[in-house]
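Reviewing the structure listed below.
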Amino acid sequence: MTNTIYDLDAWREQALEALDAQPGIEFQPRPGGEIFTVPHPLMLDDAKSAKLESASGALAIATVLLGSPAAYARFVAAGGRAGDVMMAYRVMQQSVTLDPTLTAFTPWSADAHTNSNLTSSTVIPASVDLSISGGELLSPVQES
């Protein structure tokens, strides 16, 4: 019997390809301006996942997903909002599930949601306020 050894980088790429997904969603709040990327939930490293789990509120979550308070400030200054980041992440988060055999990806469905064995460890609750208060970062996330 031959054991299969997976190259995790290639496996992640294949997972995204099977989902017909990109590594993230890119935003350009102003034509010709800076491009910001919200990473796909499957592409988060453990450090970012841990920060995301401890983040509270849309502004803090958006800050973590964009990478830093400085990146979030640039995003807001360019016309972006925390709600944009939250919607992008939620769309990506809800678009994937893995079948129980770990061999085939399937589109999200109501049944898959309750039985999923491949979801982000952080779920953005529907109750999170997606609004921005004057564009200020109310719950800054500290960079380490």
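Read the figures in this text as sums done on the coordinates, not as results from a lab. If you're wondering where the values come from, they're calculated on a predicted model, not measured in any experiment. Heads up, the Cβs are rebuilt from the backbone with ideal geometry, glycines too, and the neighbour counts pull from every protein chain shown.
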### Query
Can you work out the FRET efficiency for the pair D9 and R74, with r the C-beta to C-beta distance and R0 = 25 Å, to the nearest 0.05?
0.30
## Note on the structure
Least to most buried among I61, I35, by other C-beta atoms within 10 Å and fewest first, runs I35, I61
### Query
Across the stretch 84-92, in residue order, what do the Karplus-derived ³J(HN,Hα) couplings come to in whole Hz, using 6.51 cos²θ - 1.76 cosθ + 1.60 with θ = phi - 60° and x for Gly and Pro?
4, 5, 4, 5, 4, 5, 5, 4, 5
## Note on the structure
Per-residue Cβ contact counts at 10 Å, fewest first, order R30, R74 as R30, R74
### T37, T2 arranged by Cβ crowding within 10 Å, fewest neighbours leading
T2, T37
